[in-house]
Amino acid sequence: MRQQIQSAAIAYQEALHCAGATDEKRSQALYGLGYAYFNLADYAQAMPYFAQYTSLKKVKTPATWRQDA
């Protein structure tokens, strides 16, 4: 399971830095990265991604994601 989460974090990093990524995709990548690191119990690494995610003004992801982050 840990290896799958680490693989997901890598994929989210790639999506976050993709030149053609929309704001919506970037916000989903930030959220995914936060949760990946959270699930790895790396809370210090997760926190900046959740903070960036919640600071976005035009987040078009589900409201429950914002509350959860």
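If R₀ is 30 angstrom, what is the calculated FRET efficiency for the pair A19 and S55, using the beta carbon separation as r and rounding to 0.05? Let's see the in-between values first.
Working: r = 22 Å, r/R0 = 0.74.
The value I calculate is 0.85.
Give me a comma-separated list of calculated 3J(HN,Hα) values for segment 26-36, in order, Karplus coefficients 6.51, -1.76, 1.60 applied at θ = phi - 60°, integers in Hz, x for any Gly or Pro.
My calculation for segment 26-36 gives 5, 5, 5, 5, 4, 5, x, 5, x, 6, 4 Hz in order.
Ordered by packing density, taken as the mean number of other Cβ atoms within 10 Å over each peptide's residues, highest first, how do 30-38, 6-14, 45-53 rank?
Values: 30-38: 22.6, 6-14: 14.9, 45-53: 17.7.
The packing order, highest mean first, is 30-38, 45-53, 6-14.
Each reported figure results from applying straightforward, stated rules to the coordinates on display, with no laboratory input. These numbers come from a predicted model, not from an experiment. A quick note on method: Cβ atoms are made from the backbone with ideal geometry, for glycine too, and the neighbour counts reach across all protein chains shown.
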